[in-house]
Structures are given as structure tokens and as C-alpha cells.
Amino acid sequence: MSGVGPEETANIRLLEGLSKEERASFGMRLKEKHFPAGKVIFSEGDRGGVIYFLLSGEVEISQALTLAMSKNSQYDSRDKSLICLKGDDGPVFGEVSVFGKEDKRTATVTALTGCKMGLLEEKDFFNLLVSDREIGYKVMLNLTRIVCERLITANQNVLKLTTALSLILEK
């Protein structure tokens, strides 16, 4: 099924400040997809090119605990759960693969419950931004705010880890 109604897009953070008509225009470009509980939606390192909008359900975002040193080496492949997202909060994820230098997923996303998603392919996203500059401006402003919030949180987490490591090494 293609297209998501303006009511379903009302909570999407990326669409804050858009009118009902603008949300409807955006929502028409989304492809609706359902994922059962336990399904890996995408894995860290996969090719990207699609932005996901969690409309209902709950997902877990995780990353590998260690970095691969080479493609042929074996390493600890355990994941660390970073965050759980709920559809009621209107989260968006997968944008890093669209805007990053590499077209790679930076985390693994797994459905914790049955999930309803709106998927937006990269080409459709950029076509929308170009074809309707008013929507494009609002969406990019919201995306910038979301990414800045994530960067601030990441910086705080790095500071906490650095502090903890320093305290351990002092002993």
C-alpha cells in the first residue's frame, strides 16, 4: 500500500510545523510497510537509501560493541542497545545513510513489537524538497534540529565514558 494519511503523520517530528495539507503531500510519498515483532528492519553496515518513519509500534536501535579491524578478521559482534523508540513519539531514522558520505546503515533496527512504518526513498525525499521548497525548508529545519539533539546526546555520552575511563585509570 502506498501513501500515509495526514492523521498518521501528525506526530512525526520531521513534519513539525507543516500544515495538514503539507503533511498530506508528504504522506502521499510514503510507502506503508509492516514489520512483525522480532524482525530486523535493517542491519548496521547495510546499504541505505530509505528513511523510516515509525507510525506505530516500538523498535530497538543497537550498534556493534567493537569495530571490525579488517574485513577478514573475526571480532566480537555483540550489539549494544542504544535506544528504544515508540511510534507515539513520531521518530524518524535511517537518514544518516541518505545524508552521510557513505550509503551505509550506522546501526541495527529491530522491531520489538509489530510496527507500522512509512518508508521514503532517497530520490523521492529529494524530489519533494526540490518540488515544494516551503515543505523542504520546514523538513530540513526539523531534520537539522533532530540531528543536533542527537549530536548533543552523543557528546554527553562520550564525555561520561571518557570521565569514567579516566577515573578507572587513575586507580
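Derivation of every value follows stated rules applied to the coordinates shown; laboratory data play no part. Keep in mind it's a predicted model, so treat the numbers as computed, not measured. Every residue, glycine among them, receives a Cβ derived from its backbone with ideal geometry; neighbour counts consider all protein chains shown.
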What full-extension length gain, to one decimal in nm, is calculated for Asn155 and Arg133 as 0.36 nm per residue of separation minus the Cα-Cα distance? 4.7 nm
The answer for the net charge of residues other than Ile135 whose Cβ lies under 13 angstrom from its Cβ, with Lys and Arg +1 and Asp and Glu -1, is -1
Evaluate Rg over Rh across segment 13-170, taking Cα atoms for both radii and Kirkwood's formula for Rh. 1.01
Computed [θ] at 222 nm, deg cm²/dmol, the chain (DSSP H ≥ 4; -39,500 (n - 2.57); rounded to nearest 500): -11500 deg cm²/dmol
Which aspartates and glutamates have a Cα less than 15 Å from the Cα of Lys33, not counting those fewer than 8 places away in the same chain? Glu8, Glu58, Glu121
Subtracting the Cα-Cα distance from 0.36 nm times the residue separation, let me have the gained length for Lys116 to Lys20 in nm, one decimal. 32.5 nm
Note: Val40 to Phe126 extended length (0.36 nm per residue) minus current alpha-carbon separation gives 28.3 nm
